[in-house]
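Remarks on the structure that follows.
Derivation of every value follows stated rules applied to the coordinates shown; laboratory data play no part. Remember, predicted model here, so these are calculated numbers, not experimental data. Every residue, glycine as well, gets a Cβ built from its backbone with ideal geometry; the counts of neighbours run over all protein chains shown.
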Amino acid sequence: MSEPLLSVDNLKTQFFTEDGTVRAVDGISFDVYEGEIVGLVGESGAGKSVATSSILRLVDSPGEIVGGEITFKGETIFGLEEGDDGEPRPRDDMLSEKEMRRRIRGREIAIIFQDPMESLNPVFTVGGQLREFIEINRDLSGEEAEEEAIDMLREVGIPAPESRYDEYPHQFSGGMRQRVLIAMALACQPDLIIADEPTTALDVTVEGQILEMVTELQEKYDTSFIWVTHDMSVVAEICDRVNVMYLGEIIEHAEVDDLFYETKHPYTQALLDSMPRPDKTVHELDPIKGVMPEAIDPPSGCRFHSRCPHAREVCREVHPEQRDLADEGEPTHSAACVMYDAFEVGYEESRPIETEATGGFSAGLTETGDGE
Amino acid sequence: MSGRDRERGEVDEGESLLEVRNLCKYFDNDGGLFGGMTLDREFPFVSRNPSTVRAVEDVSFDIKKGETLGLVGESGCGKSTLARTVLRLLDPTSGSVDFKGEDLATISGEPLRRKRQDMQMIFQDPQSSLDPRMKVGPIVEEPMRAHGMLDEEGREARAKELLEKVGLDPQHYNRYPHAFSGGQRQRVNLARALSVNPDFIVCDEPVSALDVSIQAQVLNTMQDLQDEFDLTYLFIAHDLSVIRHISDRVAVMYLGQMVELADKEELFENPQHPYTQALLDAIPVPDPRSGGRTNLLTGDVPSPIDPPSGCRFRTRCPVLIQPDEFDMSDGEWSAVVEFQRAVKRREFETTNRREVRQQYFEEAPTGDAGTLIDDALSHISDEEWAEAEALLTESFADASVCATDEPAYEVSPNLGDGRHYAACHRVRDAAVASGAAADLDAPGSGPVEELGADD
């Protein structure tokens, strides 16, 4: 395969709080190639949004990117080297803040956020905001930019775009606002769009419309996407490759079909099992035990062992790194679970442990007491 | 639980616990000094146009004791307003709500307050429905205190017992809500609702704000509690997967009206209303080989201030019925409908007659319809969009039976023996009852006799 468009290597982002260091993103690596949609899935608190903010260097104090490397089209968005005093310092070839602002954000990498109401300014017209964005980023005159803005609105399916151009965000429905943001993201024809749960707040019917539109536009403009979501159904529908995150780490990576049909990691499996299905009646759901632990104090060894149905002694001690488990010649399918022989840590001989999440202060239903 | 100082009309399993009849809830904007006022740039600068949002209109249904009725619909279709009106948190504009044989719409004050002991509600946002300055124990005890149940010690004991029942640790009686995760907070809400031992709980999107894995835990707990305490749920959600998992019967709402109501299996396997079909088609399936969604609806939900006449879904309906005066083939008719909607939405830019014709009419209708289309195309090439729109809407969309008559039919179910209500004119031939009889208020309605052949 050719060079990846975006390459993230061992990225670490931490938040330094009064209670301690929160390791929100703890050494994740993934690539995005030209023209593909890469999924980033996980529950709330898995570190998905922090990961995407890090790619754009939008992490604010008390958060900080503390390690790793991000390369985009051969340029270094983030990279560290060891300084004279032994402390890490930014490398010389790392893009400056000004370059990031003027060249990368919006122009080369655009981002679409979850809540369309908060991303649009309520006191300016929708058209005006879109026009301004195009004017600044593409060096067009006001009139040309306005024409372009109306074209973009039509492209994303806003009815009667000439008259809606002068309306305010509150006059648009949720789905239409999200369309406007997609128009804004596409307006500068970036190479990469990061979509951070863009359809989560929408109804299924509208979500369907938006996903269909994104697929069409993606083919037309050949844009790459990083699609952040917690919804496995959305992943199944539009992603080409998927990274599953748990507590700041990527625990499984595969092509979408392999992820659903040859699931390797117990967490991914549990996530799939816990979903109610629309196409059949399921009598008892099989939820994941317990809740995700705090990233401030993650469990030792495998981070999922406290909720894992297959946990053994060794899981508590060994921290698994992702390894490729696919057969020779097959596309990469990596997982971080010592259950597989490739890890050679003696999982088979190890003693099963009681999953901690089943007792005490947990969300599992306790079977005690009867009657009213 | 014997120290109860009120009488309870007991309802047997399978009997109607709640009967809602022709319930309407309107909101108007002409209250207050500046109500309904709009500002203008031209004389007279200020105008008053009072309007009414018809949030819930003419809704009838029953809920039997011990069952879960699922209520689905897109945002803004009036689900929550309906739930609140049923509980008398909002005053209904008209209609009746019989709860255990007493009409909630007519009582007020102390009798209503006492009634509330039997009806509780769980809200969507577990964060904002718990007072952050109260500890969890007192939160759970509060409804009991309001209804004078038990003494101080008894309440504490019951609160602890309930916390355990919903899957929390009774030792967390003294914690504040912020110490709990979203799923756990929703469990506190459950415990609070259960504390007064209600018969009926309205759950307004109780799991929408939770992660999937947590969602499953809470849903399972809710089912266990239903069995244990013999609860009746009205379960509102926009997620059809969740509805399919938890409901016994399902009602589908669109723009303030109920469009279909049937047993769960029947509704999911044999949906009759095109809106229900569209909703079902729109659900994403967690399976990359499923081929994605098909037949997506276009357009947005119309405004409930001025809803479409007849069937409210007709402006987006993919299978609008052809008016009797035309005799077009299905292909021609759907091209006409698509064209009319495209003109209304100003979907295309070109005013070139030939290009437009090519884009929308592979099979051009002939006869009267053909003439009308020609006229509309002339208007468009003269850039008279409004005229073209008016002509098309008047002669095609508004002439359909869907626009002139309000549908209400009952069909015989394929699965199970529950009643199947569908508000769509397309089922009129297969219907066993129509109009008022199909409303679920037919007094003493027994099993419906099979008339008319099934399709």
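General observations
- Residues B:W333, A:W227, sorted so that the one with the fewest Cβ neighbours within 10 Å comes first: B:W333, A:W227
- Normalised by residue number, the volume inside the convex hull of the Cα atoms of the stretch B:330-399 is 74 Å³ per residue.
- Per-residue ³J(HN,Hα) for the stretch B:333-339, Karplus 6.51 cos²θ - 1.76 cosθ + 1.60, θ = phi - 60°, Hz, x for Gly and Pro: 4, 5, 5, 5, 4, 4, 5
- Counting other Cβ atoms within 10 Å as a rough exposure proxy, the listed residues B:K264, A:K289 run A:K289, B:K264 from fewest neighbours to most.
- Fewest neighbouring Cβ atoms within 10 Å first, the residues A:V235, B:V97, B:V207 line up as B:V97, A:V235, B:V207.
- Size descriptor, Kirkwood hydrodynamic radius, that averages inverse alpha-carbon separations across chain A, Å: 22.5
- Cα gyration tensor, chain B - rounded (a/c under 1.5), prolate or oblate: prolate
- For chain B, the longest principal axis of the alpha carbon atoms and the long axis of helix B:385-395 meet at an angle near 80°.
- Rounded, prolate or oblate (a/c below 1.5 giving rounded, otherwise prolate when a/b exceeds b/c) for the protein assembly as shown by Cα gyration tensor: oblate
- Of all the options A:K280, A:K264, A:K220, the one that moves most in a Gaussian network model of chain A with Cα springs shorter than 10 angstrom is A:K280.
- In this calculation the C-beta distance from B:F34 to A:E313 is compared with R0 = 56 Å, giving a FRET efficiency of 0.20.
- Computed over chain A with a Gaussian network model linking Cα atoms closer than 10 Å, the most mobile of A:D327, A:D166, A:D196 is A:D327.
- For B:V202, the residues 5 or more places off, or on other chains, whose built amide H falls under 5 Å of its own are B:Q120, B:M121, B:I122, B:L234.
- Scalar couplings 3J(HN,Hα) for the stretch B:350-357, obtained by applying the Karplus form with A = 6.51, B = -1.76, C = 1.60 to θ = phi - 60°, are 5, 10, 5, 3, 5, 4, 4, 4 Hz; x denotes Gly and Pro.
- If R0 is taken as 45 Å, the Cβ-Cβ distance between A:E118 and B:V319 corresponds to a FRET efficiency of 0.75.
- Semi-axis lengths, largest first, of the ellipsoid equivalent to the stretch B:164-293 are 31, 18, 12 Å, with √(5λ) applied to each eigenvalue of the Cα gyration tensor.
- Nearest 10 degrees, 0 to 90: helix B:367-381 Cα axis against chain B principal axis: 90
- Residues considered: A:R91, A:R57, A:R277. Largest GNM mean-square fluctuation over chain A, using C-alpha springs under 10 Å, is found at A:R277.
- Principal-axis tilt of helix B:182-194 within chain B, Cα atoms, nearest 10 degrees: 70
- Over chain A, dividing the summed -39,500 (n - 2.57) contributions of all DSSP H runs of at least 4 residues by the number of residues returns a 222 nm mean residue ellipticity of -7500 deg cm²/dmol.
- Using Cβ point charges alone (K and R +1, D and E -1), the dipole size of the protein assembly as shown about the Cα centre works out to roughly 2500 debye.
- Here the 3J(HN,Hα) profile of the stretch B:322-327, calculated from phi with Karplus coefficients 6.51, -1.76 and 1.60 at θ = phi - 60°, is 6, x, 5, 6, 9, 9 Hz, Gly and Pro shown as x.
- The stretch A:67-91 and the stretch B:298-349: distance between their alpha carbon centers, rounded to Å: 58
- Here is what passes the span test in chain A: the DSSP H helices with alpha carbon length of 24 Å or more along the helix axis and a Kyte-Doolittle mean of -1.0 or above are A:204-221.
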